[in-house]
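Submitted below is the structure of interest, expressed as structure tokens.
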Amino acid sequence: MESGGVYNDTTEPQAKAPRRPPFGCTVRHLRGWRLPAKVLQAILSFVAVVCEEIVEDCSICGGLYFFEFISCSAFLLSLLILCVYCTDLYQSLGEDKVQKL
């Protein structure tokens, strides 16, 4: 019996792991107009946050605080949506759970 003969016949070669994009980024779940729309939404909501922070004095600040809350929430949620749809988190959570969110 030659050395290694049995070992070579009974084992399978190890398959290489598939190549993944850097940081797991993919745009396959946001195709067409959806990706530019979400990026534009994130940019505009960030601009709204910056514009709100520029205001130094206000006489009735209730509306300004409400605008701050809405613009900051929109910015954070649009970043969250981009992170979920453009990374491997979409597959990890599952499509049904992402749709419920």
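The values are calculated or read from the model by the stated rules, or taken from the named source; none is laboratory data. Fair warning: this is a prediction, and the values are worked out from it, not measured in the lab. Glycine gets a Cβ as well: all are built from the backbone with ideal geometry, and neighbour counts include every protein chain shown. Note: areas computed on protein heavy atoms with side chains; ligands, DNA, RNA excluded. Shrake-Rupley method; radii C 1.70, N 1.55, O 1.52, S 1.80 Å.
Go through (1) of a type in the set (Gly, Ala, Ser); (2) at pLDDT 85 or above; (3) within 23 Å of Leu89 (Cα to Cα) for Gly32 and report which single condition fails.
Going through (1) of a type in the set (Gly, Ala, Ser); (2) at pLDDT 85 or above; (3) within 23 Å of Leu89 (Cα to Cα) one by one, Gly32 breaks only (2).
Please find, within the range 34-54, the residue that is surrounded by the fewest Cβ atoms within 10 Å (Cβ to Cβ) out of those that are of a type in the set (Val, Ile, Thr) and more than 24 Å from Val84 (Cβ to Cβ). Reasoning before the result, please.
Going through the range 34-54, the residues of a type in the set (Val, Ile, Thr) turn out to be 39, 43, 47, 49-50, 54.
This time we only want the ones that are more than 24 Å from Val84 (Cβ to Cβ), so: 50, 54.
Working: Val50: 11, Ile54: 6.
Checking each candidate, the answer is Ile54.
Something else now. Taking only the range 55-97 into account, find how many residues are closer than 21 Å to Ser45 by Cα and either part of a helix (DSSP H, G or I) or open to solvent by 90 Å² or more (accessible area, probe 1.4 Å) (or both).
Residues meeting the conditions: 26.
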